[in-house]
Amino acid sequence: MKTWKKIILIVVVAVAAAGGYKGYRMYTDGPENYSDQKAITVNAVSLLDDYNKSEADANKKYLDKVVAVKGEVKDVTTNQEGQMVVTLKTSDPMNSINCTMDQKDAAITQGTNVTLKGLCTGYMMDVYITRCTVVK
Amino acid sequence: MKKILLSVFVTLGITTANAQSVFFTKNGLVSFFSSTPLENIDAKNSAVASKINSQTGDVEFQMLIKGFEFKKASMQQHFNDKDYMDSDNYPKSTFKGKITDLSKVNFKKDGTYAITVEGDLTIHGVTKKVSTGGTITVTGEKVNSKATFTVVLKDYNVSVPSFVSKKVAESVEVKVDCDYQFYKG
């Protein structure tokens, strides 16, 4: 009977601690860090081709996943939030891989080849990758 | 021969006219804010696709739900959850409508013009007719659109689970702020 009570007590304490930790994390954590996560490597041309072929299938493969996209820099601009936006060339002259950079000091030049790692958020003409960092 | 040339010129003329009337962005800004007794929640999406046709008044917005960024990973995760925005099944939110008082806007003259936009707003797979006030600002070849409106979550079948209802408001204030470029084809 006594051991039985002890087990319950331990379980209750463990659950409370886990819950407390989760609650603590919910109030204190920052945004997710993608730069040190494992990524799906894909080149810019086939990433857009996959989406043009079937958005649903491509979403199963890439949506909400960390991807490392390799491609030629088409353009470097700044968005309204002051973040660097790098577009990568695809086989489609109108549409690109649209990468918003997390990294502020990234040295990226038009026409060079880069690999950018970030979260794939989906497709709307361009394929969008956010929170990007340069993979060396 | 003359006919062919004429038709070529006419076609080119039409294409140019159409191209000149469209302003677009692929990286516009939409943010939302909600305050609750416990904390304020705000998120930003700086990869919003939008276009405005200055001749017809047609306005379109498209955004990826997973493109909303929060200050905390747990909030972002909750927002995308199956029991909230369910962004795996509904990855986009769209607005398709018209500027109803387009004649108020002079796209060739710098200035800020108050407008009304009406159309279909789709969130979480549910489409509703909405109408909101906003502004169009013309600065040379650049155009900016701004609007602020309230979205009531239950209108779009977004349910707030009772155990988090203190943390998640029942309506959110949405802000649109998009810088457009002239569409050069």
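Residues being more than 7 Å from chain A (Cβ to nearest Cβ), crowded, with 21+ Cβ neighbours inside 10 Å and of a type in the set (Gly, Ala, Ser) are represented in the range B:32-52 by at least one member.
Consider the range B:58-78. How many of its residues are within 14 Å of residue A:32 (Cα to Cα) and either in contact with a strand residue (DSSP E or B) (Cβ under 7 Å, 6 or more places away or on another chain) or at the interface with another protein chain (Cβ under 7 Å from one of its Cβ atoms) (or both)? Give the steps one after another, and end with the answer.
Let us first name the residues in the range B:58-78 that are within 14 Å of residue A:32 (Cα to Cα), namely B:66-78.
Cutting the leftovers down to either in contact with a strand residue (DSSP E or B) (Cβ under 7 Å, 6 or more places away or on another chain) or at the interface with another protein chain (Cβ under 7 Å from one of its Cβ atoms) (or both) gives us B:66-76.
Residues flagged as within 14 Å of residue A:32 (Cα to Cα) and either in contact with a strand residue (DSSP E or B) (Cβ under 7 Å, 6 or more places away or on another chain) or at the interface with another protein chain (Cβ under 7 Å from one of its Cβ atoms) (or both) within the range B:58-78 amount to 11.
Taking each residue of the range B:169-185 that is within 14 Å of another protein chain (Cβ to nearest Cβ) and at negative phi and looking for partners that are surrounded by fewer than 16 Cβ atoms within 10 Å (Cβ to Cβ) and among the aliphatic types (A, V, I, L, M) with beta-carbon atoms closer than 9 Å, six or more apart or interchain, yields B:183/B:19; B:184/B:19. For the range A:77-112, filtered to residues that are in a strand (DSSP E or B) and touching a Gly at 6+ places or on another chain (Cβ under 7 Å), the residue that is nearest to the other protein chains (Cβ to nearest Cβ) is A:99.
Comparison of A:42, A:73 shows that the only residue that is at pLDDT 95 or above, out of contact with any helix residue (DSSP H, G or I) (no Cβ under 9 Å at 6 or more places or on another chain) and away from chain B (no Cβ under 13 Å) is A:73. Would you mind finding the one in A:34, A:51 that is assigned to a helix (DSSP H, G or I) and either among the hydroxyl-bearing types (Ser, Thr, Tyr) or more than 25 Å from residue B:80 (Cβ to Cβ) (or both)? Testing whether each residue is assigned to a helix (DSSP H, G or I) and either among the hydroxyl-bearing types (Ser, Thr, Tyr) or more than 25 Å from residue B:80 (Cβ to Cβ) (or both) leaves just A:51.
Those residues that are of a type in the set (Gly, Ala, Ser) and surrounded by fewer than 16 Cβ atoms within 10 Å (Cβ to Cβ), I need them from the range B:89-109; list them, please. Across the range B:89-109, the qualifying residue is only B:103.
The values are calculated or read from the model by the stated rules, or taken from the named source; none is laboratory data. Note that this is a predicted model, so its numbers are computed, not measured. Neighbour counts run over all protein chains shown; Cβ positions are idealised from the backbone, glycine included.
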